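Report on the structure given below.
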Amino acid sequence: MFNWVWWYCILMQRIVKILMERDGLSHEDADLQVSAFFSEMALDLNQGGDPFEWETLFVDEFGLEPDFFEDLVFALV
């Protein structure tokens, strides 16, 4: 059986690693940035928000391709 929580954590850490290498952020700063974004998104989704409205915000915030976001969203489903 596939463990989606494990996969989600791996995807989050890939984003953290990219931010550290590309932007020179510390692990703590990159982790905080990623966690804050997804916490805010989770609050919105719990109130009926559309996850794909967050795709543009994700691309703007992290400068990553939408594929990263889509992988994370599908891991949550």
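Each value in this text was obtained by applying a stated rule to the coordinates, not by laboratory testing. Computed from a prediction, not measured in an experiment: that's the story for all the values here. Methodologically, a virtual Cβ is constructed for each residue, glycine included, from the backbone with ideal geometry; neighbour enumeration extends over all protein chains shown.
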- Message: Rg/Rh for the chain to two decimals, with Rh computed the Kirkwood way over all alpha-carbon pairs.
- Response: 0.96
- Rough spin-label spacing in nm, given labels placed 7 Å along Cα→Cβ, for residue 65 and residue 32: 3.1 nm
- Message: Only four residue types carry charge here, +1 at the Cβ of Lys and Arg and -1 at the Cβ of Asp and Glu. Report the dipole size of the chain about the Cα centre in Debye, rounded to the nearest 20.
- Response: 340 debye
- Item | Net length gained if the chain between residue 55 and residue 5 were fully extended (0.36 nm per residue, minus Cα distance) | 16.0 nm
- Task: Just grab the label-to-label distance for residue 74 and residue 23, each label 7 Å out from Cα along the Cβ direction, in nm (one decimal).
- Result: 2.5 nm
- Integer Hz, Karplus 6.51/-1.76/1.60 couplings in order for region 16-30, x for Gly and Pro: 4, 4, 4, 4, 5, 6, 7, 9, x, 6, 6, 4, 4, 5, 5
- Which distance in nm do the two modelled labels at residue 39 and residue 14 give, with both placed 7 Å along the Cα-to-Cβ direction? 2.5 nm
